[in-house]
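Worksheet: one structure, shown below.
Derivation of every value follows stated rules applied to the coordinates shown; laboratory data play no part. These figures come from a predicted structure and were not determined experimentally. Counting neighbours? That spans all protein chains shown, and the Cβs are built from the backbone with ideal geometry, glycine included.
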Amino acid sequence: AQSVTQLDSQVPVFEEAPVELRCNYSSSVSVYLFWYVQYPNQGLQLLLKYLSGSTLVKGINGFEAEFNKSQTSFHLRKPSVHISDTAEYFCAVTRRSGGYQKVTFGTGTKLQVIP
Amino acid sequence: DSGVTQTPKHLITATGQRVTLRCSPRSGDLSVYWYQQSLDQGLQFLIQYYNGEERAKGNILERFSAQQFPDLHSELNLSSLELGDSALYFCASSDSPQAFEAFFGQGTRLTVV
């Protein structure tokens, strides 16, 4: 079985400050990792993904994440946040199983950017 | 706009009733996923279809069922509704069952009273 843990349910941060949203996963097989963002009253939108290759992944809106296999982590970072980054962020892990994806989402982290 | 269309946007119904939620995937996407998002359970994967065939099942109750039609739209049927079924139901689509770069619709908010 696989699981995803997002350690912080809410993260307040001042505008233009850096932020890190933490995600740890567990799986007995190789996984693919994703971060999604959900703005109020909207569906989820893919921020970035790690499939293979470089462990530092860059996504949209200035976000990046680093895959750390030894620590089973995939933390999301942004060096300087904007008010518009206020949203809920979901980490997700998938593994191949029988030719289709089994997807597990974390419980989400609400990022609140304070002016 | 993700290109995934869900209808209706809001639905209020009574306990014991049955409702159908509809999803039109992005043009060309063969894979459709259904998710339930509630405050206490978070985002839960329900079921996946690929080109009309069921491919994966998650935490979907027996009272719930889904199907994907030849034109690739999908419907999620929820029956014998309970108060705890109140949630946001999302549909997502992707162009294959292997690549989970999925595109989400804006969801249907179901309120059971």
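Quick look at the numbers
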{"quantity": "Burial ordering of B:Ser74, A:Ser28, A:Ser73, fewest other beta-carbon atoms within 10 Å first", "calculated": "A:Ser28, A:Ser73, B:Ser74"}
{"quantity": "For the protein assembly as shown: Kirkwood Rh in Å [reciprocal of mean 1/r, alpha carbons]", "calculated": "18.0 Å"}
{"quantity": "Within chain A, longest stretch clear of exposed GluC sites (Glu not before Pro) (DSSP loop, no more than 14 other Cβ within 10 Å)", "calculated": "A:17-115"}
{"quantity": "R0 of 41 Å, Cβ-Cβ distance B:Asp71-A:Lys58: FRET efficiency to nearest 0.05", "calculated": "0.65"}
{"quantity": "Computed E for B:Thr111/B:Asp1 - FRET, C-beta separation, R0 30 angstrom, nearest 0.05", "calculated": "0.75"}
{"quantity": "Chain A, relative contact order [Cα under 8 Å, separation at least 6], %", "calculated": "36 percent"}
{"quantity": "Inter-centroid distance (Cα atoms) of the range A:81-96 relative to the range A:1-67, Å", "calculated": "5 Å"}
{"quantity": "Filtered trypsin sites (Lys or Arg not before Pro), the range A:19-115: DSSP coil and at most 14 other beta carbons within 10 Å", "calculated": "A:Lys69"}
{"quantity": "Relative contact order computed over the range B:1-55 (Cα-Cα under 8 Å; 6+ residues apart), in percent", "calculated": "26 percent"}
{"quantity": "Sorted by Cβ density within 10 Å, fewest first, the residues B:Arg18, B:Arg26", "calculated": "B:Arg18, B:Arg26"}
